[in-house]
Amino acid sequence: MSFDPGPASEFRTEVRDWLAAHLPAQPLPSVDTARGFAAHRAWERELAAVRLSVVSWPPAYGGRGASLLDWLVFEEEYYAAAAPARVGQNGLFLLAPTLFAHGTAEQRGRLLPPMARADEVWAQAWSEPDAGSDLAAIRATATRADGGWLLSGTKTWSTRAAFADRAFGLFRSDPGAERHRGLTYLLFDLRAGGVTVRPIRQLGGGIGFAEIFLDRVFVPDADVLGAPGEGWRIAMSTAGHERGLSLRSPGRFTAAAARLVELWRRAGDPADTALRDRVVDAWIGAQAYRRHTFDTAARLAGGGTLGAESSLGKVFWSELDVALHETALDLLGPLAEVDGLPGADGRWLDGYLFALAGPIYAGTNEIQRTVIAERLLGLPR
Ligand SMILES: Cc1cc2nc3c(=O)[nH]c(=O)nc-3n(C[C@H](O)[C@H](O)[C@H](O)COP(=O)(O)OP(=O)(O)OC[C@H]3O[C@@H](n4cnc5c(N)ncnc54)[C@H](O)[C@@H]3O)c2cc1C
């Protein structure tokens, strides 16, 4: 069933009005700086106070019990208003859906409310220096201890880990088992004894990543997600949300495409039909991703599940994001690289630099194409 929530609803109006009244007067400093991280955390608390940080979660955890479709409406309004980046994204969009699917009631009750208020901001600790695309090659270990586990090893490229509070990661708990078995999904405190976090500076200048070194870090049994040895299956559930609708909802792209159309109107050369066509393509791509996502949301609401098709969405949105930003840079010409001059807008260059990472994070597009070929098209391995 195809469903479009349309341009008007009571909820949409509430979100739009609230954002218009409460958005910070000046853009917050980058979330990838200590000051910016704190400012974004404070903003999340404002959202949480009116139950707008996690609208689709049950009220007991800080949400409104809204439908997935209303969550998409929230996202559209949020991006259209150019509201601050979501500092809690790893927890809100990756760990939380995994907790809903695989966590215990105790874990949900303990972990979700502080996540909704950004009292606990989460990082994802999967990649290792020698295990990225081949995630099952991870070497960091979880060794049995009295009442829990001791974690040792190195994790890398962990977004937000430089300033975050906690992390979720995959660890080898049974070195004798076949690669995809013997992995356990564990939650740990980034400030626990034995943890060293080393920030990594990114192309754009901010500290968007960190390496995490673990030396016999104790994690109680209560912080194992799913059963020991079940980590791979649970991690694939998280990955489905990262590639699919929750991390990159269409509102992000429809808002960017609308800004691109505005930019064309302001700065485009009507004789440059090739560039005009690229603007139109980007706009159509964003609308297509929106329609596709509404269909997916309607299917999930009807009891469907998110499987390998999330790889299709991931390839689509990441390539769209690069094309959209490249078009904006071509439209701006030299003005793309300066800020503060009339007609300049540094957001496009920042957005472009981040868009370049889209085909890499959440599993590279080469890997997604293999998933699509083998699991959706049934082509030979
Ligand atoms: C912005 C950003 C944020 C990230 N955030 C996190 C995070 O929060 N937590 C985390 O754990 N990780 C994070 N990552 C890491 C990310 O998941 C990895 O970079 C990614 O999985 C690729 O792994 P790799 O860098 O080790 O590259 P490799 O796996 O070494 O791949 C190198 C190249 O080889 C290609 N390749 C590898 N294997 C195959 C194959 N079988 N078939 C075809 N091509 C192949 C890849 O596509 C890629 O082009 C982030 C990365 C980026 C860029």
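Only the coordinates and a few stated rules stand behind these numbers; no lab work does. Fair warning: this is a prediction, and the values are worked out from it, not measured in the lab. With ideal geometry, Cβ positions are generated from the backbone for all residues, glycine too; neighbour counts draw on all protein chains shown.
Spin-label model, ARG265/LEU341: points 7 Å from Cα along the beta carbon direction are separated by 2.5 nm. Neighbour counts of other Cβ atoms within 10 Å put TRP57, TRP232 in the fewest-to-most order TRP232, TRP57. Listed by Cβ neighbour count within 10 Å, with the fewest neighbours leading, MET236, MET115 appear as MET236, MET115. With a Förster radius of 30 Å applied to the C-beta separation of ALA80 and ALA34, the computed FRET efficiency comes to 0.55.
Applying 1/(1 + (r/R0)^6) with R0 = 41 Å to the Cβ-Cβ distance of THR104 and ALA373 gives a FRET efficiency near 0.65.
The mean sequence distance of close C-alpha pairs (under 8 Å, at least 6 residues apart), as a share of the length of the stretch 244-376, puts its relative contact order at 28 percent. Counting only other residues whose beta carbon sits under 9 Å from that of ALA362, what net charge do I get with K and R as +1, D and E as -1? With Lys, Arg at +1 and Asp, Glu at -1, the net is +2. For the stretch 244-376, the calculated P(r) over all alpha carbon pairs, in 10 Å bins from 0 to the bin holding the longest distance, is 12, 38, 31, 15, 4, 0 percent. The relative contact order of the chain, computed from alpha carbon pairs under 8 Å that lie at least 6 residues apart in sequence, is 14 percent.
If you look at the Cα atoms of the stretch 10-87, you get an Rg and a Dmax of 12.5, 37 Å.
Which whole-number percent is the relative contact order of the stretch 214-303 (Cα, under 8 Å, 6+ apart)? Answer for the stretch 214-303 is 28 percent. Over all alpha-carbon pairs in the chain, figure out the percentage whose distance exceeds 33 Å. The calculated P(r) of the chain puts 31 percent of pairs beyond 33 Å. The dipole here belongs to the stretch 244-376: it is taken about the Cα centre, uses +1 on the Cβ of Lys and Arg and -1 on the Cβ of Asp and Glu, and is about 560 debye.
How big is Rg to Rh over the stretch 79-206, alpha-carbon atoms, Rh as the Kirkwood inverse-mean-distance radius? Expressed as Rg/Rh, it is 0.98. Counted over the stretch 122-232, the DSSP beta bridges are approximately 80% antiparallel. Only helical runs count toward this figure. For the chain, summing -39,500 (n - 2.57) over DSSP H runs of n ≥ 4 and dividing by all residues gives -13500 deg cm²/dmol at 222 nm. Net charge near ALA323, counting Lys/Arg +1 and Asp/Glu -1 over other residues with Cβ under 11 Å of its Cβ? Once all neighbours under 11 Å are counted, the net charge is -4. Computed over neighbours whose Cβ is under 14 Å from that of ILE372, the net charge equals +1, Lys and Arg +1, Asp and Glu -1. Report the one residue of VAL50, LEU353, LEU320 whose Cα lies farthest in the direction of the positive end of the charge dipole of the chain (charges on C-beta: Lys and Arg +1, Asp and Glu -1; origin at the Cα centre). Going by the Cα projections, it comes out as VAL50. The residues PHE253, PHE37, when put in order of fewest to most other Cβ atoms within 10 Å, stand as PHE37, PHE253.
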